[in-house]
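Here the structure is laid out as C-alpha cells; the discussion comes afterwards.
The values are calculated or read from the model by the stated rules, or taken from the named source; none is laboratory data. The structure presented is a predicted model; accordingly, all values stated were derived computationally and were not measured. Glycine also receives a Cβ, built like all others from the backbone with ideal geometry; neighbour counts cover every protein chain displayed. Calculation scope for accessible area: heavy atoms of the full protein, side chains included, ligands and nucleic acids excluded. Shrake-Rupley method; radii C 1.70, N 1.55, O 1.52, S 1.80 Å.
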Protein chains: 2
Amino acid sequence: MKKKTHTECLSALIPVRDTLDMIGGKWKILILISLWEGNKHFREIERSIPKLSTKVLAKELKDMEENKLITRTVVNGFPVRTEYTPTEYSKTLQKVIKELQNWGVKHRQEVFGKTK
Amino acid sequence: MKKKTHTECLSALIPVRDTLDMIGGKWKILILISLWEGNKHFREIERSIPKLSTKVLAKELKDMEENKLITRTVVNGFPVRTEYTPTEYSKTLQKVIKELQNWGVKHRQEVFGKTK
DNA sequence: TTTTTTGATTACCAAAAGGTAACTGATTAC
DNA sequence: GTAATCAGTTACCTTTTGGTAATCAAAAAA
C-alpha cells in the first residue's frame, strides 16, 4: 500500500529542485529577508547581510529580478538611487522561509544548551 | 511599532543560515527525500537522483552523517553492503521540505499553464 | 578645482566545487 | 576465466564561485 515506483519517488524531487532553483544558494533567502525587513538600496542590503560581497549581491539581485522575485527601479535624483522591492509573488515564499527559520531556531536550541 | 533595529533585522538571518548549513546546496534535501522514500544503499540513492555523481554523493553523505541527519551501517556480507538510514532527527525537517515541495508545485503551475 | 561620497558595475585572479574515469577488493553470475 | 555488482577512493582537469580593487557617474564638500 505504501509501495512507490521509481518515478513516484522522483516526483517529489522535481518541485523541490524548482524551488531550489529560485531560492537555492547561500544568499537569495537572506536577501529576501533583508528586503522584507524594509531595506531597499544596494548598500543597505549589502550592509545588512554579513559576509555578502558587492559582486555576489549584484549577481544575486540580477537573478532574482529575472525570476520575478524583486523589481528594480532607478530613482532619478542626486546620487542616483536604485530601489529593490520584493514582488507580491515573492511573498508566497514567506511561509516556506518562516519554516526554515523556525527549524533553525529549534536546531540551535538542540545543539547549544537548551535552557531548561 | 513595526520599527526594527539593525540587530533585529539580522536575527532572522542566523537561524536561516543554520538551517542552510545543514540542508543547503543542491543535493542534501534530494538525498533526504530519497532516503525517506526507502532507498538505503549507495548505488540505489545514486540512481534515484538524476545528475548526482558518485563523488558528490560520497561527500554529501559524509557531511550528513557528521550532522546527524543519517547513520551509516556496514552490513558484512557477500558484496559488502552499506546502509544509510535517516535519523529521527532528520524527520524534524520533513515539514520544512514539504513546504519547499508545495511551493515548487504551485510555482510550476504558475510558470507553465494553469489548467483552469 | 580637487577630493570625497554614494551607488553600482566590471575586470582580474584565487579558491572551491564538480565531472570523468580509473582502480580496489570481494563475490556472484556466465 | 570473464564480466558485472557494490561501495567507495583517487587523480586529473574543467567549471563555477567568490573576493579585491579599479572604475564610472554625479554631486557635495573643501
_Output for the range A:46-58, where each listed residue is open to solvent by less than 60 Å² (accessible area, probe 1.4 Å), among the hydroxyl-bearing types (Ser, Thr, Tyr) and part of a helix (DSSP H, G or I)_ = A:48
_Can you find a residue that is touching a strand residue (DSSP E or B) at 6+ places or on another chain (Cβ under 8 Å), more than 10 Å from every other protein chain (Cβ to nearest Cβ) and among the charged types (D, E, K, R) anywhere in the range B:45-62?_
no
*Tell me, which residue of the range B:63-116 that is under 17 Å from residue B:49 (Cβ atoms), without any contact (Cβ under 8 Å) to a residue 60 or more places away in the chain and part of a helix (DSSP H, G or I) is nearest to the other protein chains (Cβ to nearest Cβ)?*
B:104
*Output the qualifying pairs, or none if there are none: Cβ atoms under 8 angstrom, residues six or more apart or on different chains, first residue in the range B:24-37 and within 7 Å of another protein chain (Cβ to nearest Cβ) and surrounded by fewer than 22 Cβ atoms within 10 Å (Cβ to Cβ), second residue assigned to a helix (DSSP H, G or I) and among the polar types (S, T, N, Q).*
B:37/B:48
*Within the range A:59-81, which residues are hydrophobic (A, V, I, L, M, F, W, C), at pLDDT below 90 and either crowded, with 17+ Cβ neighbours inside 10 Å or away from DNA strand D (no atom under 12 Å from the Cβ) (or both)?*
A:75
